[in-house]
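None of the figures in this text is laboratory data; all of them are computed from the coordinates on show. This structure is a prediction, so every number in the text was calculated from the model and none was measured. When we count neighbours, we look across all protein chains shown, and the Cβ atoms used for this are built from the backbone with ideal geometry, even at glycine.
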Amino acid sequence: MDNKASDNLQDLQYFGEYGGVNPSISDSSTYTFLSAKTMFDTFEGNTEGCYLYTRHSSPSNLYLGEALAALEGTETANVTASGMGAISAVIMQLCDAGDHIVSSRTIYGGTYALMKNFLKKFNINTSFVDITSIESVEKTITPKTKMIYCESVSNPLLEIADIKALSVVANKYGIPLVVDNTFSPLSISPAKLGAEIVIHSLTKFINGTSDCVAGVVCGTKDFCLALKDVHDGAGMLLGSTLDSLRAASILKNMRTLHIRMKKHSENAQYLAQNFEKDGLRVVYPGLKSHNGHEKIKTLMNHEYGFGGLMTIDVGSLEKANELMELMQKEKLGYLAVSLGFYKTLFSAPGSSTSSEIPIEEQKEMGLSDGLIRFSIGLDNDIHRTYEHMRKCMVKLNILTSEASMV
Ligand code: PLP
């Protein structure tokens, strides 16, 4: 697929207040007006380019939003204080009490808990479906359904959502397809494939330095303005506003996103192929053995590869814990949740990021105890990393020294 996202980002050019190459950071929570009339008009959303109060918008947040809209190819974007801030605002904007959501059953545990538990307070109900079965998605839609929700590459099972096919179903029923693209920035462009709203946790690859939480909603001008509406906008009223200082630092980190994504993918592909050859149960969308491999090839922007996430099932939680502790001791990465850092991060999702999902449901969706999720880092010599990880696995009897699974 023709991808212009990196070019769009490259072409953004700013002149700061003093001609700086980075935009100046807006260090104010409130803004002055020369006339009271302009203040009233700004309150009513009628004056572009005027700032009122930072929870509504700020120059730094608008700059970052502009870059994210360029990344996803949407009209505009609103940045938020976290990925969950983006997800909750979108849901609360689109759904009234009594409404219904059709969601993929393999999604980030926090999103799952929000839909399954928290939204019950508002009588908003979610049906969790196998997102790879377009038929079951369509069958689950009711007259009360207000959105189809999925992750392009799911957390943690790395299932691939057929965004093109899902958007056809969404259009047929006149509802938006909302896609969380946190795992695959640049490599998948959901809006270009038909999604109406694209969400990211910027906390992950887009920021890439694991030093803050942030999120974004990319969509139409109408929807993003509605989120900011002072009377009934979920973004404005629920208050998950990103701090301007953080917005400025994330914007600077975004400039290396294309280089980082290529390296994350290259390294993950190398490890996945080699550990699969060694006989381990590896899941990675870039492997032929992945059940969504052919599908993702039809959806992705090939130059960025198949992403930085892979899973390995080492058989039991006990073994998974032993291996993660040893790898951390050997400085191969961190036993930590989250993803998109320069060092490899690993965690056992069943007991961490997906622990909100009841055990029986974890089993049903194929989330086993011994599953380790790896967010592969930017290691310069990935062969060296592979040899080192393999040594850890041999030491724990996960592999024999001839490198085949015990
Ligand atoms: N979406 C996905 C796919 C995630 O993995 C996460 C967090 O792990 C989130 C959303 C939530 O993002 P945040 O932690 O920035 O609120």
Subtracting the Cα-Cα distance of residue 37 and residue 400 from 0.36 nm times their residue separation yields 123.1 nm
In deg cm²/dmol, rounded to the nearest 500, the helical mean residue ellipticity at 222 nm of the chain, built from -39500 (n - 2.57) for every DSSP H run of length 4 or more, is -11000 deg cm²/dmol
Looking only at aspartates and glutamates whose Cα falls under 15 Å of residue 204's and that sit 8 or more positions away or on another chain, we get 151, 180
Those GluC sites (Glu not before Pro) from the range 317-406 that are DSSP loop and have at most 12 other Cβ neighbours within 10 Å turn out to be 402
Sorting 258, 366, 6 by the position of each Cα along the dipole of the chain (Lys, Arg +1; Asp, Glu -1; all at Cβ), the one nearest the positive end of that ordering is 366
Cα convex hull volume per residue for the range 264-406, in Å³, equals 110
Of 69-75, 156-162, ordering from highest average Cβ density within 10 Å down gives 156-162, 69-75
Expected unfolding gain across residue 252-residue 18 under the 0.36 nm per residue rule, minus the alpha-carbon gap, is 82.5 nm
Listed residues 292, 109, 279; largest mean-square fluctuation, Gaussian network over the chain with Cα springs below 10 Å, found at 279
In this structure, among 221/288; 139/263; 343/395, pairs with alpha-carbon gaps over 32 Å are 221/288; 139/263
Per DSSP loop assignment and a cutoff of at most 12 other beta carbons within 10 Å, the chain keeps its longest run without exposed trypsin sites (Lys or Arg not before Pro) at 1-287
As straight-line cross-link partners of residue 144, the qualifying aspartates and glutamates (C-alpha separation under 19 Å, not fewer than 8 residues apart within one chain) are 96, 99, 135, 196
Treating only Lys and Arg (+1) and Asp and Glu (-1) as charged, each at its beta carbon, one finds that the chain has a dipole about its Cα centre, in Debye to the nearest 20, of 500
Percent antiparallel among DSSP beta bridges confined to the chain, rounded to 5, stands at 55
Cα extents of the chain along the principal axes, largest first, in whole Å, come to 77, 53, 37
Of the range 272-305, those with amide N under 17 Å from the point 7 Å along the Cα→Cβ vector of residue 387 are 274-275
Candidates 60, 355, 103; GNM for the chain (alpha-carbon contacts under 10 Å) flags as most fluctuating 355
Expressed to one decimal in nm², the mean projection of the alpha carbon convex hull of the range 128-201 is 4.6
Computed over the range 258-395, the relative contact order (Cα-Cα under 8 Å, seq sep at least six) in percent reads 28
